[in-house]
Amino acid sequence: MEEYLKQALEIVKAQASVRTMTEEEITSMVQKIATGIQAIAEGTPTTEEEPMACEPNKAIREKSVICCVCGKSFKILTKKHLASHDLTPVEYREKFGYKKNTPLVCKSLQRERRKKMKEMQLWKKRGKKK
Ligand SMILES: [Zn+2]
């Protein structure tokens, strides 16, 4: 790390000679640059990329729904599976910022379900008419 700090200091010194910087600015800049140089040198990205699985919007896909806890994909995120993470569906939705009524089901199944519900309602209506 020392090596990176030295390199960072050189960069910041150059910056500080061009424009006025507060001590705080200099310190935080040195830290930032040092971490950046270290990351590049060691081949790790500076900002940790958030895994796809944890983006609730992207977790529910056409043919699969991804468990934000373990990253596995399912057709339906069951209570039983969530229980294996010590979560209830309600807690799960809260934890990952889903709306309360978000179905934890892949989109194609959601559509199928809706269709079935509609059909059922139609059947009910027909039944009433008789
Ligand atoms: Zn899981």
Please work out the average accessible area per residue across the chain, using the 1.4 Å probe convention, and give it in Å².
-> 80 Å²
Convex hull over the Cα atoms of the range 56-103, averaged projected area in nm²?
-> 2.9 nm²
Axial C-alpha extent at least 27 Å, average Kyte-Doolittle at least -0.5 - helices from the chain (DSSP) = 23-42
Could the peptides 29-36, 13-20 be put in order, highest first, of the mean number of other beta-carbon atoms found within 10 Å of their residues?
-> 29-36, 13-20
Could you estimate the translational diffusion coefficient of the chain from the Stokes-Einstein equation, with Rh from the Kirkwood formula over C-alpha pairs, at 4 °C and 1.567 mPa s, in whole µm²/s?
-> 67 µm²/s
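The values are calculated or read from the model by the stated rules, or taken from the named source; none is laboratory data. The structure displayed is predicted, hence computed values, not measured ones. Cβ sites come from the backbone with ideal geometry, for glycine too, and all protein chains shown count toward neighbours. Accessible surface is based on the protein model in full, side chains and every heavy atom, while ligands, DNA and RNA are left aside. Shrake-Rupley method; radii C 1.70, N 1.55, O 1.52, S 1.80 Å.
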